[in-house]
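Notes to accompany the following structure.
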Amino acid sequence: MFYFLWNYPKKSLILASKYNTMFQTKHLLFLLLLVFSYVLSAQSWETVTQYEQRGLPQSADSVVMLIYNKEKAAKDYPKAIKAFLYHAKFTASRSEDGIVDAFLLLEKEANESQDFLEKALLKSYTADLLWAYYREEQYRIRQRSATTKFEKKDVKTWSANDFVENVRILYLQSLKDAKQLQAVPVSTIKEILAAYYNVEENEKYKTTAYDVLAHEVVAFLMNENTYLNKPACSKSMI
């Protein structure tokens, strides 16, 4: 390549000039695309908020899924997860058993994910939702007898111990790729966490994605309701 430039100076200068112009044009287009994408994303979320305020969850959900598909294609998993969590929320609000449908959606998405961070976060959020459902319905759930003679696919037939065990498994699965999660700065998932607590105030204690997920696991295992019929020192809970 350098030999070609030295032997054909005039032609090489023209080619270099054209290349430089093309590079600058492509760089400018790339920057414009980034700005446009940011503005479009912000406008899309504003539209979601407006639909919510007007009591139009289905319309809001349709916009959320457009955002989800866009971010998923771009492999921006934190933003894709944020959109999918909204999708789960709108699904939960559609019917009396909507929260069960939302749980199944999150569970399926988590199981199918090929990205370690996305899978870990979705496993944790699935556990959160399932545990929230149990706490809301625990009086009714504790009236059920334990079932052992068939495959427990239907959440609505689970006993209290079934819930505790499945939530425990989901939380622990969220920490499966511990080393990789320890390398992810908490700022990477800041947009998702902002809805739950002040990220800036907690960054000194939870500096990585692993720290955040591990905190959720510990909080669950320390809850007295997680033991139910198990002995206080049961190794199966660890």
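If you take the residues in region 172-187 that are assigned to a helix (DSSP H, G or I) and touching a Leu at 6+ places or on another chain (Cβ under 8 Å), which one is nearest to Ser124 (Cα to Cα)?
Result: Leu181.
For the condition of a type in the set (Val, Ile, Thr) and exposed (fewer than 13 other Cβ atoms within 10 Å of the Cβ), what is the one hit in Ile169, Ile189?
Ile169
For Ser124, all conditions in the list (1) of a type in the set (S, T, N, Q); (2) within 25 Å of Val186 (Cα to Cα); (3) surrounded by fewer than 15 Cβ atoms within 10 Å (Cβ to Cβ) hold save one; what is the number of the exception?
(3)
For the subset of region 47-97 comprising residues that are among the polar types (S, T, N, Q), touching a residue at least 12 places away in the same chain (Cβ under 8 Å) and part of a helix (DSSP H, G or I), which member is farthest from Ser113 (Cα to Cα)?
So the residue we want is Thr47.
Could you tell me whether region 94-109 includes any residue that is out of contact with any Ser or Thr (no Cβ under 9 Å at 6 or more places or on another chain) and crowded, with 19+ Cβ neighbours inside 10 Å?
No, region 94-109 has no match at all.
Identify all residues within region 163-191 that are at pLDDT 90 or above and not hydrophobic (A, V, I, L, M, F, W, C); write none if there are none.
Matches in region 163-191: Glu165, Asn166, Arg168, Tyr171, Gln173, Ser174, Lys176, Asp177, Lys179, Gln180, Gln182, Pro185.
Among the residues of region 192-238, how many are modelled with pLDDT under 65, loosely packed, with under 10 Cβ neighbours inside 10 Å and in a loop (DSSP other than H, G, I, E, B)?
Of the residues in that region, 6 qualify.
Considering only region 94-110, state which residues are more than 14 Å from Asp128 (Cα to Cα) and at pLDDT 90 or above.
Asp101, Lys108, Glu109, listed by residue number.
Which condition number in (1) within 24 Å of Val218 (Cβ to Cβ); (2) among the aliphatic types (A, V, I, L, M); (3) in a helix (DSSP H, G or I) is the one that Leu105 fails?
Every listed condition holds for Leu105 apart from (1).
The values are calculated or read from the model by the stated rules, or taken from the named source; none is laboratory data. A quick note: this is a predicted structure, and the numbers were derived from the prediction, not measured. Glycine gets a Cβ as well: all are built from the backbone with ideal geometry, and neighbour counts include every protein chain shown.
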